[in-house]
Structure formats: C-alpha cells, structure tokens
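Note sheet for the following structure.
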Amino acid sequence: MLNEIEFADDSASGFVHSQRFAEIKSAVHAHLLSRIEELGTEFGRWSRRAIEQFVELEVDGYVRLRRVGINENELKIVVDSLTKELVGLGPLEDLLQDVGVEDILINGFEDVFVSRKGVLRREAVRFTDNQHVLRIVRRVLAPLGRRIDESNPMVDARLPDGGRLNVVIEPLAVDGPMVSIRKFRKQPLTPEELLAMGTMDRGIYQLLRLAVKGRCNILVSGGTSSGKTSLLNALASFINESERILTVEDTAELSLNHPHVVRLESRHGTFEGSGEVTIRDLIRNSLRMRPDRVVVGEVRGAEVLEMLQAMNTGHDGSMATIHANNPRECLYRIEMLAGFAGYVGSESSLRRQIASALDFIIQIGRLPGGQRRILSVTEVTGYGDNIVTTQELFRHETRVDGDGNESDFWHALGVAPHTPKLARFRDQLLPGNLQHDGNGQGEDPHDPGAQQGGKSAGGGHAGGPGNEGQSWGGWFGRK
C-alpha cells in the first residue's frame, strides 16, 4: 500500500511545521486561553475578522513582552493558526475549504492523508497530539448534536455541506483517533462532465440516457471511492422533471439535480437502543409517499428486499448502489443480503425476483492512476435453469503500446438490449449510435471485430449461458 501513496512536497512547509513554530504556538495559545478567561470574552457574536484582530493584538503584546524572536510573516502565520484553533477547525480548516480535496484521512495526530483526483498523498499537516484531534472532532460534532467518548467511541455523521464524517477513537482505535472525511462537490458532476472526463464513452452515455428515460431499474456496483454516488447523481439528471423522486440513504450524500426530490435519511438509535429508523423502514414507508422512482444511496443490508419489492411493484426506473467487484459478485451479494434479512422463500423464487427487478448493472471502478471508469455495462436478461441470466453490452479494457504507453477504451460488444422498456428507442440503439469513434477512449481501433460490431463475450452469471451472437437488429421483449 505504501508504494501506492505519493508524499506531498513539504518544501514550503518551513516555519509552520518546525519545532520552533510548535513551541511558540503552544505558549501563545496557553496565554490566549488565560486572557480569554480573565476577560470573560465570548466569541459567539463576534465576526471572524474581529476575532482575528483580538488574537493579533494579544499575540503581538505577548511576543513583545516576552521578546520572542519572530518576524512579521511568522506572526501572521501564528495569528491565523490560533484563530482557526479558537473558532475554526484548526489544521482541518484549509483542507475542508480546498475544492480539490476528495477525502481526508487522519490516522492519529501525526499522520494525515488526502485524496485528490483519486490519488492518496501524505499531507504536511500535523496536530499537536491526540487530544488536539479530539477537540477539533468534537467541535465538528457539537452543532450536529452528536457526541463521541469512551461510551460511544464510533460516530458516523453528515456535515453541513453534505460531506460525511466517520470517527473511531479508543478503545476501538488502538493508535489514537481515526478520522475519515468524505467531501462532495457542491455541484454534482453531470453526465456530460463524466463523458468529458473519460468516465464513459459516447456509446455508454447514450445507452444510460435511454435506460433512465425508459424507466429501467439500474444498480450501480463498485468498490469504495469508485464514484458510485457521483454516477448515481449524474444518471438522475436524465429523469423527467414531472416525476417525483424519493431518495433513501443511511447518511445523506446524494444531491440530485431535479425539481421534485424528497430526501430521507435513516436515524441511529440512542445509546440505549431506542429511536432507530433504518433504511429498510424508510424504503417501506417511501412506497406510501407516491414516488415515481425510489433511489437508494447504498444497499448493504436487509433493505435489499424492500428495494426489490419497490422495483417489482410499479416503481420502474428506480436506482441504487451496492458494493461489489463485478456484476456476478453483485448478484451474489444481493442473494447474500436477502438471506441475512431473513428471506424465507426458495432460492429459485429469490432469483426470479432479482431477474424481474433489475434491468442493468453498471460496474464502476478506479484505475491504478486514480481515474474513475465505467468498467462494464451488463443487462439482466431474465431467469433460466435456476440462474439469473445476463449479457454484457460494454466492457472497458486497457492497452499498452510498444513504447509502454497505456490507453483505455471500451468495447461495444454488439448485442442488443432485451428489455422491452427500450423497444421505443430501437432506432437510437443501433450499433452506429452506441459505438465510440475509436480515438483511443472508445472502441479499440486495433480490434477488427470492433469495427464489425463485435460479439458478446457471454455474460451468464453463476455459470449461466451468455447470449453470444445476438445482433443489434435483434428483438426486444424477451425478459
């Protein structure tokens, strides 16, 4: 893992990360706290600028009185740092305001890692000690009405800007506080932006647009930080404005660009165990709220049964995400979660429900360089021989040329979607409309089969048959 982490250049850290800075800041901080208590100062109604001026005057007086050797620029750094400590979020503040930061990971007070564009790097940010980390975390949690201590050593919370905070402390975290912050864009990525970024090609874009408009049920599958939520946000932008969408999440992360969205968030129980409202409860209740579509942020428990029920009972066009490494594992995971939920029917009955509910599985993942890509578009075609049958429509691949340069592209496998929901879009689903122009980010220009529409690799799951050779001019309505 370590060889995959880039270490940030700390040549500019200088004074901020020196022992001298730490000593000066610690001494002045203690003086400030003493003065605040002595004066009875309350910062509640003060502006940020007024607080900065107060800190500046106190720090300037202290360094003059004690004859601390510090220049004007260093003084500004100390004042800024102490202001953030008193009323801000200390070392976290700049990282939280940095729009390029995706994840902030704190492994104890000395190790801070940051993810930018999918690449994890060690950041030149330090806390004084573990208690310093806890003070900042509690300052974040206080306005949210959440607490963390030895009796409640694990917290998952939604930040005011929509980000997600997870904290684990002793005795569960052996080496000090472990803090994970997932940030989200204020403006979600659009499908067009994902296309421009190379997350998908034009053929996939067109198919997904029609699948959403055709009210197909879609499951976005992928690993941690693979871009599942971003893709789900983007797909929802294709939904007609006249439709009513209900989103259900454990911690609200979705930000759908749509005029009629009802957002529901689960509630954790008290320490005594009362007051809990699960995702399963919310999905069950959402079906009584006249939704046109139900969007589940992440399926990871007993709510899988309610999700299947929603998709099978007139709420076509519903969507969700799930943690799985490929479409086959995605189907296995649904079965496993249903079993954990206490499903009492037969295996064949469950698989029939899955086959009836799902139309497409979109597999998304990260390449070694951190780029997010749709790795596969797979259609769930039906049920037969006690398995859920599928066919892969698009597959992502990489190629290395003679000079060692790597490029990635997508194969349109030349098979027609079976779902009758897309029958009215038949003309738009012709091969010419769903294939990329072969410029290195679409069809592999070196594959003669790609120029002829290719053929399916066969996508039967759990040992099921593929649908090799089914042409784009084929029929709809078999599912």
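Since every read-out is calculated from the coordinates, none of them should be taken as a lab result. Given the structure is predicted, the values throughout are model-derived calculations rather than measurements. Because the Cβ atoms are built from the backbone with ideal geometry, glycine has one as well, and the counts that use them run over all protein chains shown.
Any idea how far apart Glu23 and Thr313 come out in nm if each label point goes 7 Å out from Cα toward Cβ?
Rounded to a tenth, the inter-label distance reads 7.0 nm.
If I model a spin label as a point 7 Å beyond the Cα along the Cα-Cβ vector, how far apart are those points for Lys213 and Arg135 in nm?
So the label points at Lys213 and Arg135 sit 5.7 nm apart.
Once you have the alpha carbon radius of gyration of the stretch 186-331, what is it after dividing by 2.2 N^0.38 Å, with N set to its residue count?
For the stretch 186-331, the normalised Cα radius of gyration comes out at 1.04.
I need the peptides 96-105, 275-284 ranked by packing, meaning the mean over residues of other C-beta atoms within 10 angstrom, with the highest value on top.
275-284, 96-105
Diagonalise the Cα gyration tensor of the stretch 191-451 and give the resulting equivalent ellipsoid semi-axes, square root of 5 times each eigenvalue, largest first, whole Å.
Ellipsoid semi-axes (Å, largest first): 32, 20, 19.
Could you work out how far apart the two model spin labels at Leu172 and Asn405 are, taking each label as a point 7 Å from the Cα in the direction of the beta carbon, and quote it in nm?
Between Leu172 and Asn405, the label points sit 4.9 nm apart.
Determine which residues of the stretch 155-175 fall in the zone a paramagnetic label at Leu96 would reach in this model, i.e. backbone nitrogen under 14 Å from the point 7 Å along Cα→Cβ.
Only 157-167 pass the distance filter.
Whole angstrom only: what separates the Cα centroid of the stretch 371-394 from the Cα centroid of the stretch 213-279?
The stretch 371-394 and the stretch 213-279 have Cα centres spaced 22 Å from each other.
Which links in Lys25/Lys186; Lys84/Lys186; Lys228/Lys421 stretch past 29 Å when you go from one Cα to the other?
Flagged as over cut-off: Lys25/Lys186.
To one decimal place, what Kirkwood hydrodynamic radius in Å is obtained for the stretch 88-183 from all pairs of distinct Cα atoms?
13.4 Å
Apply 1/(1 + (r/R0)^6) to the Cβ-Cβ distance of Arg202 and His323, taking R0 = 41 Å, and write down the FRET efficiency to the nearest 0.05.
Here the calculated transfer efficiency is 0.90.
Between Rg and the Kirkwood Rh of the stretch 242-391, both from Cα atoms, what is the Rg to Rh ratio?
Ratio value, two decimals: 0.98.
Any chance you could run the full-extension gain for Arg244 through Asp385? It's 0.36 nm times the residue separation minus the Cα-Cα distance, nm to one decimal.
Between Arg244 and Asp385, full extension yields 47.0 nm more.
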